[in-house]
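Inspection log for the structure reproduced underneath, given as structure tokens.
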Amino acid sequence: MVPVILAKGTIDYLLQGQLFWLSYVILLLKSVGGFVGLFALIDLFEAVRRYRSR
């Protein structure tokens, strides 16, 4: 995720001459939240599968 934010920051700085820190923080939080949500969903699916296989 860090390379994506660095690339986005470089492009913003070169094209617009400024960095948008709030935008980068929101992007990072959304991506981290998405990964946590995905792992929680996978864990829930695995728990249901183990419960049914008893």
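Bear in mind that the values in this text are calculations on the coordinates, not laboratory data. Predicted model, so just to flag it, every value in this text is computed and none were measured. Ideal geometry is used to build each Cβ from the backbone, glycine not excepted, and the neighbour counts take in all protein chains shown.
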Right, residue 48: in contact (Cβ under 8 Å) with a residue 24 or more places away in the chain and in a helix (DSSP H, G or I) or not?
-> no
Quick one: which residue in 13, 24 is in contact with a Gly (Cβ under 9 Å, 6 or more places away or on another chain) and part of a helix (DSSP H, G or I)?
-> 24
